[in-house]
Structure formats: C-alpha cells, structure tokens
Amino acid sequence: MGDDPLLRYVKELQDHIDDEDSRHYSSTVLKESKAPYRMGPMADPTARGWWQGPCGDSMDIFLKVEGGVIVDVSYLTDGCGATTAVGSMLMRMTEKGTVERAWSITEHELIEALGGLPPENEHCAELALTTLHIALEHLEGGG
Ligand code: FES
C-alpha cells in the first residue's frame with residue numbers, strides 16, 4: 001500500500017502544503033488552526049454576535065456573562081485557517097476575563113498573540129474583533 005502512486009502523490013502534496021504553511025504562518029497560527037479552542041455553538045448564550053467580512057467569510061461568537069465576567073465563550077467560522085486560528089486565540093483571550101477587558105483587546109494585540117499574521121490575513125483579525133464587538137454590544141442591549 002505504501003507504494004501506491006496515488007497515496008504517494010497525496011502524501012507529497014500534503015507535505016508540500018505543510019511546508020508552504022509553515023513558511024507562511026507562525027507556529028501558533030498553525031497550532032490554533034489545527035486544534036481550535038472553544039470552537040462550536042453555545043446552547044444558551046447571554047449574547048451572540050455574527051459578522052461577515054468583505055472577503056465573504058463570517059464568524060459567530062457566543063458569550064455567557066455573569067456579573068461582568070465572561071464565564072464561557074465559543075465561536076464558529078466558515079473562514080480560512082487563519083480565521084480559525086484568530087477566533088481560537090480570541091476565545092483564549094476573552095474566556096474568564098471581564099467584559100471591560102474584552103472591549104479593550106486590539107487587533108495588534110490579537111495578531112501579536114498569534115506570533116504575527118501575513119498581511120493578506122490581517123483582515124481575519126478584524127473580522128474576529130468586529131464579531132466580538134457586536135456580541136458585546138448585544139450584551140449591553142440586553143441580549
Ligand atoms: Fe477573510 Fe480570513 S480570509 S477572514
């Protein structure tokens with residue numbers, strides 16, 4: 001089976017893609033995109049935000065808040081690997097933190113936490129933060 005030309009081709013192609021990815025993205029981006037943190041829907045969120053960026057990718061963020069603290073977070077996205085990584089990192093940065101702190105997270109801070117993003121993916125961070133802000137606004141609006 002190891003000599004199957006098709007399987008060999010698929011493996012070579014995957015190795016090539018992995019190689020390209022590791023040249024392009026930081027190890028943190030690759031790690032977060034392969035094993036995203038808190039990805040999935042939430043049954044009973046206090047607030048939810050959804051946004052679609054100009055590239056057509058969208059994100060959904062769910063927050064559960066008690067006494068000004070974000071006790072639970074989750075997200076969904078149909079976006080690229082970088083968007084998945086950005087959402088994952090944003091969950092880590094907001095979970096168990098205050099609402100005030102969540103409002104203060106900047107695009108620069110998010111990109112830094114990911115060890116950087118290629119310029120063509122910086123808008124993925126903007127998409128995630130816009131989605132978070134919509135969820136936080138819904139929170140203030142009562143749902
Ligand atoms: Fe558009 Fe990631 S490529 S949000």
Taking segment 122-143 and keeping residues among the acidic types (Asp, Glu) and within 16 Å of the ligand (Cβ to nearest atom) leaves 122, 126
Considering only helices (runs of 4 or more DSSP H) wholly within segment 1-98, the ones with at least 2 residues that are at pLDDT 95 or above are 27-34, 81-94
inquiry  = Against the definition (surrounded by fewer than 17 Cβ atoms within 10 Å (Cβ to Cβ) and in contact with a strand residue (DSSP E or B) (Cβ under 9 Å, 6 or more places away or on another chain)), how does residue 57 come out, yes or no?
reply    = no
Among residues of segment 108-121 being crowded, with 17+ Cβ neighbours inside 10 Å and part of a helix (DSSP H, G or I), the residue nearest to the ligand (Cβ to nearest atom) is 121
Conditions (1) within 14 Å of the chain's Cα centre (by Cα); (2) in contact (Cβ under 8 Å) with a residue 40 or more places away in the chain -> residue 26 fails only (1)
Result of the Cβ filter at 8 Å on segment 68-81, keeping first residues that are over 14 Å from residue 32 (Cβ atoms) and partners that are part of a loop (DSSP other than H, G, I, E, B) and within 16 Å of the ligand (Cβ to nearest atom), at least 6 apart or interchain, is 78/57
Scanning segment 84-104 residue by residue, those under 15 Å from the mean Cα position of the chain (by Cα), within 23 Å of residue 141 (Cβ to Cβ) and small (Gly, Ala, Ser) turn out to be 87, 102
Scanning segment 15-73 residue by residue, the ones that are within 16 Å of the ligand (Cβ to nearest atom), touching a Leu at 6+ places or on another chain (Cβ under 6 Å) and within 19 Å of residue 103 (Cα to Cα) total 3
Scanning segment 74-98 for residues that are more than 9 Å from the ligand (Cβ to nearest atom) and hydrophobic (A, V, I, L, M, F, W, C) gives 76, 85, 89, 90, 91, 93
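The values are calculated or read from the model by the stated rules, or taken from the named source; none is laboratory data. Keep in mind it's a predicted model, so treat the numbers as computed, not measured. Reconstructed Cβ throughout: ideal geometry from the backbone, glycine too, with neighbour counts over all protein chains shown.
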